[in-house]
Amino acid sequence: MKRTGLICVTRNKFPLLENTLESLLRHTPAAECHLYLIDNASDDRTLELYSRDLPDHVTLVRNLENLKWVKGVNQGLDLAKHHDYVCLLNNDIEVGKDWLGSLVSILDTNPKVGAVGPLTSNSRDWQGYDSVREKLPQAGLAELQGISRDDVSAMQSAVAGNPSGIVVGGMLAFFCTLFRRSLFDEIGYLDEEFNDLLLGDDDDFCWRLQKAGHLLALATNTYVAHRSGTSSLALPEFAERQRKATELLLRKRAGS
């Protein structure tokens, strides 16, 4: 059995997805993983994938309606239930050399850690390299002047010599997060109450994980670019979705 099930939920955004797939196939040994690509009724060039000769370790799932992200992830978790680990991936990332092995190593050697995520390029994510360097001096990150944060190869080379990781509180952003698969049997899947909000599901699951006695870790020797844009922040409905997600999170925690 392959140890890790990779779950990537997508809807449209084919150019970003194509780059994600290319980097995953190039930098992830087929013998160590199986990729479940959950297509939520895309109607762009993503449809080209159905006529491609995909590798045997890739399963492409076509949903006839847009289940959105949380339900798509939960669908993938059902498919990946026989793996030791599962990794949730956005369709707008780029991975580098040894990315999966580095994350798996942390879970292999630290039984109390339930989930681990990498450093990243995106300033929106608290795991952004420069944000971590500023806010978590204990991580010991170098300044790295002159290296573009979008240059995954250069950044991965620069961080490869760092200690493997540090325990963190709060949450991990689910653009690229590796979990013990048993966690989802223990504390449940992602809460589908957050599905239409498109926010808060990662905060909620990380809270539930820690409440159950598990730890979160940040892999300071692993770098994954996150290409997500910031345009959604300017949409009128974003503030309202954020408000509802915050209310739901507070209500769940107050009732625990």
Legend entry - Every pair of residues 6+ apart whose Cβ atoms lie under 9 Å, when the first sits in segment 196-216 and is among the aliphatic types (A, V, I, L, M) while the second is crowded, with 16+ Cβ neighbours inside 10 Å and in a loop (DSSP other than H, G, I, E, B): Leu216/Met171; Leu216/Leu172
Inset, instruction - Output the residue which, of all residues in segment 87-116 that are within 19 Å of Ile187 (Cα to Cα) and in contact (Cβ under 8 Å) with a residue 24 or more places away in the chain, is surrounded by the fewest Cβ atoms within 10 Å (Cβ to Cβ). - result: Lys112
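Can you name the residue in segment 202-247 that is part of a helix (DSSP H, G or I) and in contact with a Phe, Trp or Tyr (Cβ under 7 Å, 6 or more places away or on another chain) and, of all such residues, is modelled with the lowest pLDDT? Walk me through how you get there before you give the answer.
Pass one, segment 202-247, residues part of a helix (DSSP H, G or I): 202-211, 231-234, 236-247.
Filter once more, so that each one left must be in contact with a Phe, Trp or Tyr (Cβ under 7 Å, 6 or more places away or on another chain): 202, 204, 232, 245.
On the way: Asp202: 97, Asp204: 98, Ser232: 56, Ala245: 94.
Per the stated criteria, the residue is Ser232.
Working only within segment 117-138, note down all residues that are among the small types (Gly, Ala, Ser) and crowded, with 19+ Cβ neighbours inside 10 Å. Explain how you work it out, then say what you get.
The initial filter retains those residues of segment 117-138 that are among the small types (Gly, Ala, Ser), namely 117, 121, 123, 128, 131.
The answer is Gly117, Ser121, Gly128.
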Legend entry - Condition check for Ala154: among the aliphatic types (A, V, I, L, M), free of Cβ contacts under 8 Å to residues at least 12 places away in the same chain, farther than 24 Å from Leu248 by Cβ and surrounded by 14 or more Cβ atoms within 10 Å (Cβ to Cβ): yes
Legend entry - Residue list for segment 16-47, restricted to those being closer than 19 Å to Asn66 by Cβ, out of contact with any Asp or Glu (no Cβ under 9 Å at 6 or more places or on another chain) and either free of Cβ contacts under 8 Å to residues at least 12 places away in the same chain or of a type outside the set (Ser, Thr, Tyr) (or both): Leu37, Ile38, Asp39, Asp43, Asp44
Inset, instruction - Taking Glu186 as the residue in question, decide whether it is among the acidic types (Asp, Glu), in a helix (DSSP H, G or I), at pLDDT 95 or above and over 23 Å from Leu17 (Cβ atoms). - result: yes
Inset, instruction - Could you look through segment 20-56, keep only residues that are within 23 Å of Gln156 (Cβ to Cβ) and of a type in the set (A, V, I, L, M, F, W, C), and pick out the one that is surrounded by the most Cβ atoms within 10 Å (Cβ to Cβ)? - result: Leu35
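Among the residues of segment 76-86, count how many are part of a helix (DSSP H, G or I) and surrounded by 19 or more Cβ atoms within 10 Å (Cβ to Cβ). Reasoning before the result, please.
Narrowing segment 76-86 to residues part of a helix (DSSP H, G or I): 76-79.
From what is left, the residues that are surrounded by 19 or more Cβ atoms within 10 Å (Cβ to Cβ) are 76-77.
Count: 2.
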Legend entry - Yes/no for Thr10 being over 23 Å from Asp196 (Cα atoms) and β-branched (Val, Ile, Thr): no
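The values are calculated or read from the model by the stated rules, or taken from the named source; none is laboratory data. Source: prediction; values computed, not measured. In this analysis, Cβ positions are derived from the backbone assuming ideal geometry, glycine residues included, and neighbour counts consider all displayed protein chains.
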